[in-house]
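See below for the structure under consideration.
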Amino acid sequence: MREDKSTKWEETKKSIIEFWQEFKQVKYGLVGVALFFVFVLLILLEPYIIPFPEVNDRWGDVNYWEENPRKAAPVWTNYFGEYKAEHEFIRETDLDIKDLGKMKMINGSFIYDFDYDLPPKDLVFKANGKGNLNITIEVERPDGKIIEVVRRGIRSSGERVISLSLGNGGARRLYRFAEAYESEENKERFTADNVRSMFVLFGEAAEGMMKKPVPLVGDYKINYSIAAVGEDSMVEDPYLIVSGQVFGLFGTDTSKRDIWSGVIAGIKWAMLLGLLVAIISVTIGAIYGITAAYFGGRVDTIMMRIFEVFRGIPMLPVLIVLSAIFSPSIWLLLLMMCALYWRGPVLTIRSMGLQIREETYIEAAHALDATHSRIIFKHMIPQVIPLCFASMALRVPMAIVIEASVSLLGLGDSTIVTWGQILHGAMNGGAVLQGLWWWVIPPGLFIATMGMTFAFIGFAMDKILNPKLKTR
Amino acid sequence: MFGRYIVKRVFFMLLSFVIIIFLYSAIFNVVMDQTLRSQIHEMVQGEIMGMTDSTPQEIQIYREQRIQTLYARYHLEDPTLQRIFWRAVGILKLDWGQASMLTSSNGSRDVFKIVVEKIYPTLLLFGIFAILDVTIGVLLGMKKAQKPGSKLDQSTSIMTMVVFGMPSWWLAMIFIMIFVYTIPIFPSGGMGSVPPPEGFAAIIDTIYHMALPILTLLCIGFWARAYMTRNIVVGTLQEDFIMSARARGLPEKKVLYGHGLRAAAPPIVTMGVMSLLMSIQGRLIFEGIFNWPGMGNLYWIAVQQNDIPVLLGLLATTTFVYLAGLAFLDVIYGFLDPRIKVGGKQ
């Protein structure tokens, strides 16, 4: 018995090696396998290559993404066209605290080296603070001009995060600063409400600084002075966020989320869902088809009638309505997809099964009094396994697109990040209208690339298994 | 003989439809009951608002009686199985109830009216797409089959695989960004301009609005059609009668289009109808990106409004269109290839 098993294993090994030898001949098949391993590698390396490792749990959490710029383009766009300010945190500060008993004077400054064509989206002063605080922030520009940008009183009984935007909070003062240099025409066109204050702050003090300023490069000194009134008033850990025009490999969306992190986190879900749906549904379909073929006659007729009813169900619409009503988790969605998609390979497998049934070794098995299930699983199913693999490979892309389509409508599992979810956000956030291409292209490109990967593998297998397709 | 075959196909199609409707009715029983109950309560509340000169007691009695009659009319008090049965019968009798939010173009809240007016745009869009898809696909496929293994054959086969898993709606989003907002040559969506032009201009206007959606679908679609045609024709070209035709010295063009294509016609026609059906069942939501006022767009709107009755009506319609397509497919297949005896004795 043991000997029997080992020879069987040898045989399997031999046939796998043979298959691989043939598979190697198909170039795009190899490309597919290579791409597959790239995706696997990306899944394994996920925690090391994404800047926001908590993306999986906190994709929908606004606080997690708060310090990112909104709608920032990818960093590499700087190689084409204008050089846009990058995202930076400036923590280095010469903090000086004078304790005057009932009040503290806290002074400090940040140095920002501005060397771009386009200014950052905003400068945000952040600190932990408590008590009665009067904060003044001024900016000392490279041309020696000093602008007091923000002056604000903050009162808070408990400790909290202070966040002051120089762009919004300083719009009026910066407008007034620019007024001294700007032409009458431009002054009429812009008001303190619609002036782009960062253009003014980082532009040369000359005519046109509201409209299209010449960038004033150099070191900017952002001075802050805080008067903390009251004994337990305090300010800790001040830092400056330079909110970049560009951010990360794939930029950010309207909710400040890093798209690169989201897309990379989506790989594993696409792979998992695609593979599981493909494997389960093809297995069910294969067993169904073979069983119908093996028994034939009335069983076959009944099974085929049931199959025909299933064939008449439009799958994606049913899935959409089911998802709209039951708002399923990813696992329930997977189950529903398996329940609908098993019918795919049935017809092909059944017609193969009808041929296999007539083979002499099946007759021999009958003569040896083998049970039905033994004949089906031991003698017939192994014959169609190669075909099943090809069928599975081609079903993976379909499953991924289906999940993405359901998610696109906003019916997906919102607790995880999938490519469809990201595209749903893009669709709802008006990415197409606003031209935020970095929000739309990467997730879809990943869907398409993963589909292509499995298509390469599946078509290559198909070519080997279908000698008729061979080029003469 | 053929007539009997058609009748049989249509009968089985209708039977499948009835069974599927019963399945839907069973799956969506609970949620439909809830919707119907809340609709009844809303309606009765509305009636009571108009009864200004009644005592509170009268109103209370009226409310209870009215709700009871309405519950009885819609079989809401019956046991589950009977409710499933009556709902399925209702759907089959085209009594699809009232929408919770949406209305048809002339303001009716009848789900049937809302859904039915969306069939034409969908069939128009996907029908024209399928015709172009099959024409281009078959022509390219024949070219591919002429010289299997050539540069053209290989490169177009690779293209088939490249676009294999590409969602059509994603490409639509990209194309809209490029061809509507960056280089404005196409309208952003919809089926016609506002105000609608008249006469011949109206047709031009519709074609203009249809151009980008169809272009998008074609970019993904015809490669697969060409690939399948190629495989079928390459298989046919290995048959003996082709060899004999070649041996007789017939020109290669005639061998290919006269003998090869004719023999390969049944599967190719199947493929064309399948292309339309697959688009209808798999690419419907594509319409939503272009605001094309068809069934796919209605899926989007109904999902957003959470309008369950409309969703179910849509589902019944989609299923019917899909099943009718499948039956049609079987019928022409039987017509083109008399060897096919579906359900016949072996």
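The values are calculated or read from the model by the stated rules, or taken from the named source; none is laboratory data. Just so it is clear, the structure is predicted and the values come from calculations on it, not from any experiment. In this analysis, Cβ positions are derived from the backbone assuming ideal geometry, glycine residues included, and neighbour counts consider all displayed protein chains.
Can you find a residue that is touching a residue at least 60 places away in the same chain (Cβ under 8 Å) and away from chain A (no Cβ under 14 Å) anywhere in region B:59-79? Step through it out loud before you land on a result.
Just the residues of region B:59-79 that are touching a residue at least 60 places away in the same chain (Cβ under 8 Å), to begin with: none.
There is no residue in region B:59-79 that is touching a residue at least 60 places away in the same chain (Cβ under 8 Å) and away from chain A (no Cβ under 14 Å).
Considering each of B:Ile136, B:Ile131 in turn, give the residue that is at pLDDT 90 or above and either within 25 Å of B:Ile285 (Cβ to Cβ) or in contact with a Cys (Cβ under 7 Å, 6 or more places away or on another chain) (or both). Write out each step before concluding.
Working: B:Ile131 fails: at pLDDT 90 or above.
After applying the criteria, what remains is B:Ile136.
Among A:Ser391, A:Ser373, which is the only one that is within 23 Å of A:Glu22 (Cβ to Cβ) and hydroxyl-bearing (Ser, Thr, Tyr)?
Working: A:Ser373 fails: within 23 Å of A:Glu22 (Cβ to Cβ).
Selected residue: A:Ser391, the only one of A:Ser391, A:Ser373 that is within 23 Å of A:Glu22 (Cβ to Cβ) and hydroxyl-bearing (Ser, Thr, Tyr).
Output yes when any residue across region B:102-113 is in a helix (DSSP H, G or I) and in contact with a helix residue (DSSP H, G or I) (Cβ under 6 Å, 6 or more places away or on another chain), and no when none is. Even if it seems obvious, please write down each step before you answer.
Filtering region B:102-113 for residues in a helix (DSSP H, G or I) gives B:111-113.
Now narrow it down to the ones that are in contact with a helix residue (DSSP H, G or I) (Cβ under 6 Å, 6 or more places away or on another chain): B:111.
Yes, the conditions are met somewhere in region B:102-113.
Please verify whether region B:127-139 includes one or more residues that are within 13 Å of chain A (Cβ to nearest Cβ), out of contact with any strand residue (DSSP E or B) (no Cβ under 9 Å at 6 or more places or on another chain) and either more than 22 Å from B:Ile220 (Cα to Cα) or not hydroxyl-bearing (Ser, Thr, Tyr) (or both).
Within region B:127-139, the first condition is being within 13 Å of chain A (Cβ to nearest Cβ), and the residues that meet it are none.
The answer is no; no qualifying residue exists.
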Residue within region B:95-109 that is buried (at least 17 other Cβ atoms within 10 Å of the Cβ) and under 30 Å from B:Ala264 (Cα atoms) present: no
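Enumerate the helices (runs of 4 or more DSSP H) found wholly within region B:248-346, keeping only those where 2 or more residues are modelled with pLDDT under 80 and away from chain A (no Cβ under 12 Å). Working first, answer last.
Values: elements: B:261-282, B:286-290, B:295-305, B:308-336.
Of the helices (runs of 4 or more DSSP H) lying wholly inside region B:248-346, those with at least 2 residues that are modelled with pLDDT under 80 and away from chain A (no Cβ under 12 Å) span B:261-282, B:308-336.
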Here, helices (runs of 4 or more DSSP H) confined to region A:141-239 with at least 1 residues that are free of Cβ contacts under 8 Å to residues at least 24 places away in the same chain are A:166-169, A:171-179, A:184-189
For region B:213-220, indicate whether the set of residues that are more than 21 Å from A:Ile400 (Cα to Cα), among the β-branched types (Val, Ile, Thr), more than 9 Å from chain A (Cβ to nearest Cβ) and not in a helix (DSSP H, G or I) is non-empty. no
Region B:24-47: number of residues that are buried (at least 16 other Cβ atoms within 10 Å of the Cβ) and without any contact (Cβ under 8 Å) to a residue 24 or more places away in the chain: 1
For region A:403-457, which positions are of a type in the set (S, T, N, Q), buried (at least 24 other Cβ atoms within 10 Å of the Cβ) and either farther than 26 Å from B:Thr182 by Cα or within 8 Å of another protein chain (Cβ to nearest Cβ) (or both)? A:Ser405, A:Ser407, A:Thr418, A:Thr453
Contact list please: Cβ distance under 8 Å, first residue in region A:308-321 and at the interface with chain B (Cβ under 7 Å from one of its Cβ atoms) and outside any helix (DSSP H, G or I), second residue among the small types (Gly, Ala, Ser) and crowded, with 21+ Cβ neighbours inside 10 Å, pairs at least six apart or on different chains. A:Gly312/B:Ser16
Subset of region A:322-339 [part of a loop (DSSP other than H, G, I, E, B) and either among the aromatic types (Phe, Trp, Tyr) or surrounded by 15 or more Cβ atoms within 10 Å (Cβ to Cβ) (or both)]: A:Pro328
Just checking, does region A:305-314 include any residue being under 26 Å from the mean Cα position of the chain (by Cα) and buried (at least 20 other Cβ atoms within 10 Å of the Cβ)? no
Is there any pair with a first residue in region A:381-400 that is at the interface with chain B (Cβ under 10 Å from one of its Cβ atoms) and more than 11 Å from A:Gly458 (Cβ to Cβ) and a second that is part of a helix (DSSP H, G or I) and among the aliphatic types (A, V, I, L, M) whose Cβ atoms are under 8 Å apart and which are 6 or more apart or on different chains, and what are they? A:Ala399/A:Leu273; A:Ala399/A:Val277; A:Ala399/A:Ala278; A:Ala399/A:Met337; A:Ile400/A:Ala270; A:Ile400/A:Leu273; A:Ile400/A:Ile447; A:Ile400/A:Met450
Here the residues within region B:152-182 that are among the aromatic types (Phe, Trp, Tyr), within 8 Å of chain A (Cβ to nearest Cβ), in a helix (DSSP H, G or I) and closer than 19 Å to A:Ile447 by Cα are B:Trp169, B:Trp170
For region A:60-112, which residues satisfy the criterion of being in a strand (DSSP E or B) and under 19 Å from the mean Cα position of the chain (by Cα)? A:Ala73
Subset of region A:284-299 [touching a residue at least 40 places away in the same chain (Cβ under 8 Å) and of a type outside the set (S, T, N, Q)]: A:Ile284, A:Gly285, A:Ala286, A:Ile287, A:Tyr288, A:Gly289, A:Ile290, A:Ala292, A:Ala293, A:Tyr294, A:Phe295, A:Gly296
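Residues to consider are A:Asn186, A:Asn128; find the one that is modelled with pLDDT of 80 or more and either closer than 28 Å to A:Ser233 by Cα or not basic (Lys, Arg) (or both).
On the way: A:Asn186 fails: modelled with pLDDT of 80 or more.
On inspection, the qualifying residue turns out to be A:Asn128.
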